[in-house]
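Colleague: One structure, pasted below without further comment.
Taken together, the values in this text are just the output of simple stated rules run on the coordinates, not laboratory data. Owing to the predicted nature of the structure, the values given are computational and were not obtained by experimental measurement. Backbone-built Cβ (ideal geometry, glycine too); neighbour counts: all protein chains shown.
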Amino acid sequence: MNNEKISVAILGATGSVGQKFIELLSDHPWFEIIELAASDRSAGKKYSEAVNWIMTTPLKEKYKNMIVQKCEPELKAKVVFSALDSSVAGEIESTFAENGYIVISNARNHRFDSDVPLMIPEVNYDHLKLIRKQKHKGAIVTNPNCSTIGLTLALKPLYDNFGIDAVNVVTMQAVSGAGYPGLSSMDIYDNVIPFISGEEKKMESEPLKILGSAKDNSIENAAFKISAQCNRVAVIDGHTECVQVNLKSKTKPEEIINIWQNYKSIPQHLNLPTAPERPIVYFYEEKYPQPKLHRNIEKGMAVSIGRLREDPLFDFKFVIHSHNTVRGAAGGTILIAELMKAHGYLDNL
Ligand SMILES: NC(=O)c1ccc[n+]([C@@H]2O[C@H](COP(=O)([O-])OP(=O)(O)OC[C@H]3O[C@@H](n4cnc5c(N)ncnc54)[C@H](OP(=O)(O)O)[C@@H]3O)[C@@H](O)[C@H]2O)c1
């Protein structure tokens, strides 16, 4: 691995996830942001004028005067992180890939393309090889939905060790998941909204592709059913999920907790810069995990789990929490790029 950093660009740099990319990449050891791009509303302006900066760390000087570019494949950086609104992401990402760019995306549009990996690096790193089958000059890799990521990380050790028969999940999702400016305060303050458009379908389908097996040209999905109910709650960052699960073979709570606590995978073995040391953190305290206290565990890259217990309807139930814009978006996507670099997919760009 040489010491020169890889130039990258952010598409959708002015949005909530785009800003998180800038925050997380500003001192990255392998990647350097050289271009920021967004819609025609922002293109041509200085970044500091185009953006309503909502991160808690100040916007660094080096980004303030960058001129926002159009999302057209004339960027110098050959690796682009996409934080584009899904109403436009599909076509823009395809155009970039056709023109030789490596696109690593948070948007939903290409997640179910048969040759596109839907990737959580700890869970299905072996799906990366699918991109060799893509017909573009470049490639597209996608990050799952923000609530899928926490759920699937928690399920992976159960799936590998005991098999899964069925999953039921009820979410309490943060307002930042709706992008910026998102919901009006009049709608969400003092409230719970029991509907997030498209979310339940994503949660019921994405984990099955991620936990599926990579065959020569596509993925054979995992064969169990998931039922999801998704709610928006008045929390700024961090999605909480109450999960019930039926396993194929019998086990005890202590064994599950032990497996979760010791769970490590390729990103940890490769010591990737954004990899959490502990991808899964288990709490024995009955009142944990909580978004306010635990969203930033392992710099926002871990899933926190608590309250594992036996259930009268299913085998077990438990509560998980993960940071939606870090693990569930920008941080998860950066980890994918690190895995790709470590495996040589970003060589010779
Ligand atoms: N928020 C989360 O927790 C989360 C988690 C996982 C995945 N995601 C996904 O990540 C993506 C970004 O989400 P977000 O929450 O950051 O949304 P957001 O705050 O609404 O930002 C959307 C971005 O897309 C740009 N954009 C909109 N229309 C465009 C166009 N016609 N051409 C080029 N750029 C355009 C916007 O630029 P302007 O400012 O110039 O309009 C902005 O930079 C979405 O696909 C979302 O589903 C979000």
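Colleague: Using unit Cβ charges (K, R positive; D, E negative) and no other charged atoms, how large, in debye to the nearest 20, is the dipole of the chain about its Cα centre?
Modeller: So the magnitude is around 240 debye.
Colleague: Right, next: Among the DSSP beta bridges whose two residues both lie in the stretch 146-323, what percent are antiparallel, rounded to the nearest 5?
Modeller: So the antiparallel bridges amount to about 65 percent of the total.
Colleague: Can you work out the base-10 log of I(q)/I(0) for the stretch 152-202 at q = 0.15, 0.18 1/Å, using the Debye formula on its C-alpha atoms alone?
Modeller: The computed values of log10 I(q)/I(0) come out as -0.60, -0.74.
Colleague: Once amide H atoms are placed 1.01 Å from N in the peptide plane, what residues at a sequence separation of 5 or more from I196, or on another chain, have their amide H within under 5 Å of its amide H?
Modeller: HN-HN under 5 Å from I196: C230.
Colleague: Which entries in the list K225/K250; K129/K292; K209/K264; K137/K341; K20/K225; K46/K135 go over 28 Å, if you measure between the two C-alpha atoms of each?
Modeller: Over 28 Å apart, Cα to Cα: K129/K292; K20/K225; K46/K135.
Colleague: Could you name the lysines in cross-link range of K45, using Cα to Cα under 17 Å and dropping any fewer than eight places away on the same chain?
Modeller: Straight-line reach from K45, under 17 Å: K60, K62, K64, K70.
Colleague: A follow-up question, please. With +1 on each Lys and Arg Cβ and -1 on each Asp and Glu Cβ, how big is the dipole of the stretch 240-279 about its Cα centre, in debye rounded to the nearest 20?
Modeller: 160 debye
Colleague: Which whole-Hz couplings ³J(HN,Hα) result when phi for each residue of the stretch 56-68 is put into the Karplus expression 6.51 cos²θ - 1.76 cosθ + 1.60, θ = phi - 60°, listed in order with x for Gly and Pro?
Modeller: My calculation for the stretch 56-68 gives 7, 8, x, 5, 6, 3, 4, 9, 4, 9, 5, 7, 5 Hz in order.
Colleague: I'd like the Karplus ³J(HN,Hα) series for the stretch 184-197: coefficients 6.51, -1.76, 1.60, θ = phi - 60°, whole numbers in Hz, and an x wherever there's a Gly or Pro.
Modeller: 6, 4, 5, 7, 9, 5, 6, 8, 10, 10, x, 7, 10, 3
Colleague: Return the Rg/Rh value of the chain, two decimal places, where both radii are evaluated on C-alpha atoms and Rh is the Kirkwood radius.
Modeller: That ratio is 0.95, to two decimals.
Colleague: Return the long-range amide H neighbours of D165 (sequence gap of 5 or more, or a different chain), with a cut-off of under 5 Å between placed amide H atoms.
Modeller: Sorted by chain and number, the residues that satisfy this are N246, L247, K248.
Colleague: What is the antiparallel percent of DSSP beta bridges lying wholly in the chain, to the nearest 5?
Modeller: That works out to approximately 45 percent antiparallel.
Colleague: Stick to the Cα atoms of the stretch 1-68, pair each with every other, and give me the Kirkwood hydrodynamic radius in Å at one decimal.
Modeller: Hydrodynamic radius (Kirkwood, Cα pairs) of the stretch 1-68 is 12.2 Å.
Colleague: Please list, in order along the stretch 257-269, the HN-Hα scalar couplings obtained from phi with the Karplus expression 6.51 cos²θ - 1.76 cosθ + 1.60 (θ = phi - 60°), rounded to whole Hz, x for Gly and Pro.
Modeller: 4, 4, 5, 4, 5, 9, 5, 9, 9, 3, x, 6, 5
Colleague: Picking from S176, S197, S227, which is most flexible by a Gaussian network model of the chain using Cα springs under 10 Å?
Modeller: Maximum among the listed residues: S197.
Colleague: Give the cross-link partners of K76 among the aspartates and glutamates, using a straight C-alpha distance below 13 Å as the criterion and excluding same-chain residues fewer than 8 apart.
Modeller: Of all the aspartates and glutamates, those that pass the test against K76 - Cα under 13 Å, at least 8 places apart if same chain - are E32, E35.
Colleague: Ok, one more. I need the fraction of alpha carbon pairs in the stretch 146-323 separated by more than 25 Å, rounded to a whole percent.
Modeller: Taking all Cα-Cα pairs of the stretch 146-323, the fraction more than 25 Å apart is 34 percent.
Colleague: Separate question: Which of F31, F112, S87 sits closest to the plus end of the dipole of the chain, meaning its Cα is farthest towards the positive end, when Lys and Arg get +1 and Asp and Glu get -1 on the C-beta?
Modeller: My answer, from the dipole projection, is F31.
Colleague: Moving to a separate point now. Can you list the residues, at least 5 places off or on another chain, whose amide H is less than 5 Å from the amide H of I219, using H built in the peptide plane?
Modeller: For I219, no residues qualify.
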